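See structure below.
The values are calculated or read from the model by the stated rules, or taken from the named source; none is laboratory data. Keep in mind that what you see is a predicted model, and the values were worked out from it rather than measured. Cβ atoms come from the backbone with ideal geometry, glycine included; neighbour counts cover every protein chain shown.
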Amino acid sequence: MKIVVGIDDYRECVSRIPPKGKWRAWFEDYYSRHKEVFDLIFKYLYMADVEAMRMLVEACDFHNSLEIAERFLACGGIEKLKQILPTCEDFLDYHGDYRLFVLVGIGQVGGTAPPSPHPLMYLGAECIGCDMRKLELLLSHEFHHLVRFQALTSEAVDMAGYTFGELIVTEGMATAFSIVVQGLGFDAPALKSALFMNDEALSYCTSNRNALIQEILDHRNSSVTQDLMAKYLYAGNQMDTGGMPGNVGYYVGTAIVSDLLAQGMDLRQLTNMSGNEVINLWEKLKSPG
């Protein structure tokens, strides 16, 4: 395992904004140094290339992001992640050669572990700051993604064949892992914390559990699209006109996995199964008779 901290690079990038402008300074002095990671983030989370990020980069408050990232370092963020990782590695029995990049993004991605031929994770220090609880949850969540993507075949994580059902199971399993690795159960406080939900959002999900699961599973064989991700995953606690929060997909995936765990399934075993296999197991569990 190798930790790459790019906050010094970002500080240098910020210093070059006055003569260069935001986009050119970021592109030449930061993105170019960490191109491998950022290209994966843009491909899998934004479904776009780097040129499509220009507007977001121009809108980013670089000085505020740097200030928060500096707080991450001052609060012992690097030391904390070094404490958390061994527990995750031992739980999943994964001690592979992977890299963890602690960088400063554009304020929207706290963490990710996208499919990659060379396993890696990313943490956005500007989204964490001194919130060590958030760091613990993000790191364990993304670590599970890293292990799962290494366990699955390349076809299972290829964008061309990656279904929405696979994505939902992947996110649910990682959320469940962030709870289980702490020795916690799936009660409301643990779910609210791991799902980054407020009381209102979690209450909506628990009250509409069955309907939400069915709605999500109706899209299980659909290709992953920006519209589906925006509606069910990446809008956070923001409610739509019907009162549904934008991150219900995480809740649904976690509900499916927690149902299987309650029946004695082992999370390590589930980690090595495809999304379709997991959903089929759950449907068999829930079918009458």
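Observations on the structure shown:
- Which listed residue is within 21 Å of ILE41 (Cβ to Cβ), surrounded by fewer than 18 Cβ atoms within 10 Å (Cβ to Cβ) and among the aliphatic types (A, V, I, L, M), from ALA235, ALA190, ALA262, ALA174: ALA235
- Residue in region 11-28 that is at pLDDT 95 or above, hydroxyl-bearing (Ser, Thr, Tyr) and within 18 Å of ILE128 (Cα to Cα) present: no
- Test: LEU146 is under 19 Å from LYS80 (Cβ atoms), in contact (Cβ under 8 Å) with a residue 12 or more places away in the chain and outside any strand (DSSP E or B): yes
- In the condition set (1) surrounded by fewer than 18 Cβ atoms within 10 Å (Cβ to Cβ); (2) touching a strand residue (DSSP E or B) at 6+ places or on another chain (Cβ under 7 Å), PRO245 is compliant with all but (1).
- Among all positions in region 211-218, there is at least one residue which is among the polar types (S, T, N, Q), exposed (fewer than 12 other Cβ atoms within 10 Å of the Cβ) and without any contact (Cβ under 8 Å) to a residue 60 or more places away in the chain.
- Residue in region 269-289 that is assigned to a helix (DSSP H, G or I), among the small types (Gly, Ala, Ser) and in contact (Cβ under 8 Å) with a residue 60 or more places away in the chain present: yes
- Residue check, VAL109 assigned to a loop (DSSP other than H, G, I, E, B), under 30 Å from LEU184 (Cα atoms) and not assigned by TED's automatic domain parsing to the domain that holds LEU267: yes
- Output for region 95-111, where each listed residue is out of contact with any Gly (no Cβ under 9 Å at 6 or more places or on another chain) and surrounded by 20 or more Cβ atoms within 10 Å (Cβ to Cβ): TYR98, LEU100
- Yes/no for PRO114 being at pLDDT below 90 and buried (at least 18 other Cβ atoms within 10 Å of the Cβ): yes
- Any hit, region 55-67, residues being at pLDDT 95 or above, among the polar types (S, T, N, Q) and surrounded by 16 or more Cβ atoms within 10 Å (Cβ to Cβ): yes
- Residue within region 225-241 that is modelled with pLDDT under 95, β-branched (Val, Ile, Thr) and in a helix (DSSP H, G or I) present: no
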